[in-house]
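S.K.: Before anything else, here's the structure in question.
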Amino acid sequence: MKYYINVLSKAVLAGIVIAIAGTIYLTVDNKVIGSFLFGFGLLVVVSNKLNLFTGKVGYVIDKKPSYLIDIFIIIIGNLLGVLLIALMVNLGGLTHVRASAISSVDLKLSKNLLESFALSIGCGMMMYLGVDGYYKNKNDFGKVVVVLLAVMIFILAKFEHSIANMFYFTAAGQWSFKSIIYLIVMLLGNGVGAVIINGLEKIATKTEGK
């Protein structure tokens with residue numbers, strides 16, 4: 001039980017950090033600057049070893065089946081974290097953030113599910129590359145660069161990040177059956193993208209030099 005409380009608490013913290021990063025992104029008009037500032041969120045997550053779904057799901061093929069319980073708890077924790085910050089934003093009267101969130105969510109829900117799934121795969125790939133690159137890079141500057149670039153790329157490419165979207169949907173006040181279906185598809189897409197990169201890396205490593 002103590003272990004799962006730890007998993008949940010680190011997941012809530014990760015959700016809070018990503019939601020704060022999302023708030024900054026929605027506040028800034030320049031999307032390049034916004035995507036750079038959003039990178040702060042992932043840097044805090046990886047440097048503090050917090051539990052963010054998109055940073056953890058790619059390792060599911062390396063773990064025991066019980067790791068799926070961790071993933072489920074992480075999703076719940078991330079959701080709780082983003083809900084807290086979205087509540088703070090709305091109570092704080094940050095109407096510009098809400099307006100920007102509504103515009104963003106309307107665009108996301110205008111896509112069909114296949115499009116959302118495909119864009120979510122792209123995000124999952126970039127998130128895995130950013131997180132795994134951080135842990136594999138021995139140079140501190142290199143760690144920062146790989147994380148920031150991974151975040152900037154997925155945002156500017158308009159890939160779909162399921163946890164950030166939980167925040168956007170909440171800030172916009174647009175939770176519905178449709179939005180829940182879209183979020184489930186995005187969660188699956190993020191997972192598929194991360195697992196694809198991890199799996200291919202493993203194949204490349206095992207077959208290298210043969």
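Values in this text are rule-based calculations from the coordinates and carry no lab data. Every value quoted in this text rests on a predicted model; they were computed, and no experiment measured them. Quick reminder, even Gly has a Cβ in these numbers, built from the backbone with ideal geometry, and neighbours come from all protein chains shown.
S.K.: Within the range 1-71, list the trypsin sites (Lys or Arg not before Pro) lying in a DSSP loop whose Cβ has at most 10 other Cβ atoms in a 10 Å radius.
M.R.: Working: sites: Lys2, Lys10, Lys31, Lys49, Lys56, Lys63; in loops: Lys49, Lys63.
Those that pass, being in a loop and sparsely packed, are Lys49.
S.K.: Placing +1 at every Lys and Arg Cβ and -1 at every Asp and Glu Cβ, with all other atoms neutral, what dipole size does the range 1-103 have around its Cα centre, in debye to the nearest 20?
M.R.: That gives a dipole near 240 debye.
S.K.: Still on this structure, I have one more. Tell me what the chain gives for mean residue ellipticity at 222 nm when only DSSP H runs of n ≥ 4 count, each as -39,500 (n - 2.57), the sum divided by the residue total, rounded to 500 deg cm²/dmol. Can you show the working numbers first?
M.R.: Working: 9 runs with 171 residues, N = 210.
Computed ellipticity for the chain at 222 nm equals -28000 deg cm²/dmol.
S.K.: Go through the range 82-178 and name the chymotrypsin sites (Phe, Trp or Tyr not before Pro) that are in a DSSP coil and have 14 or fewer other Cβ atoms within 10 Å of their Cβ.
M.R.: Those that pass, being in a loop and sparsely packed, are Trp175.
S.K.: Next up: For each of Thr54, Thr27, Thr170, count neighbouring Cβ atoms within 10 Å of the residue's Cβ, then give the residues from fewest to most.
M.R.: Neighbour counts put them in this order, fewest first: Thr27, Thr170, Thr54.
S.K.: In addition: Identify the GluC sites (Glu not before Pro) of the range 103-210 meeting these criteria: DSSP loop state and at most 16 other C-beta atoms within 10 Å of the C-beta.
M.R.: Here the GluC sites (Glu not before Pro) that fit, given the DSSP loop and packing criteria, are Glu208.
S.K.: May I ask for the angle, rounded to the nearest 10°, between helix 2-27 and the longest principal axis of the chain, with both axes built from Cα atoms and the value confined to 0 to 90°?
M.R.: With rounding to tens, the tilt is 60 degrees.
S.K.: How would you classify the range 2-207 from its alpha-carbon gyration tensor, with a ≥ b ≥ c the square roots of the eigenvalues: rounded for a/c under 1.5, else prolate if a/b is greater than b/c, otherwise oblate?
M.R.: rounded
S.K.: Once a ≥ b ≥ c are taken as the square roots of the eigenvalues of the Cα gyration tensor of the range 35-110, is the result rounded (a/c under 1.5), prolate (a/b larger than b/c) or oblate (a/b not larger than b/c)?
M.R.: prolate
S.K.: What lysines could a cross-link reach from Lys2, if we take a straight Cα to Cα line under 27 Å and drop same-chain neighbours fewer than 8 places away?
M.R.: Within the straight-line limit of under 27 Å, Lys2 reaches these lysines: Lys10, Lys49, Lys56, Lys63, Lys64.
S.K.: Please state the charge dipole magnitude for the chain, taken about the Cα centre, from unit charges on C-beta atoms (+1 on K and R, -1 on D and E), reported in debye and rounded to the nearest 20.
M.R.: Charge dipole of the chain: 400 debye, to the nearest 20.
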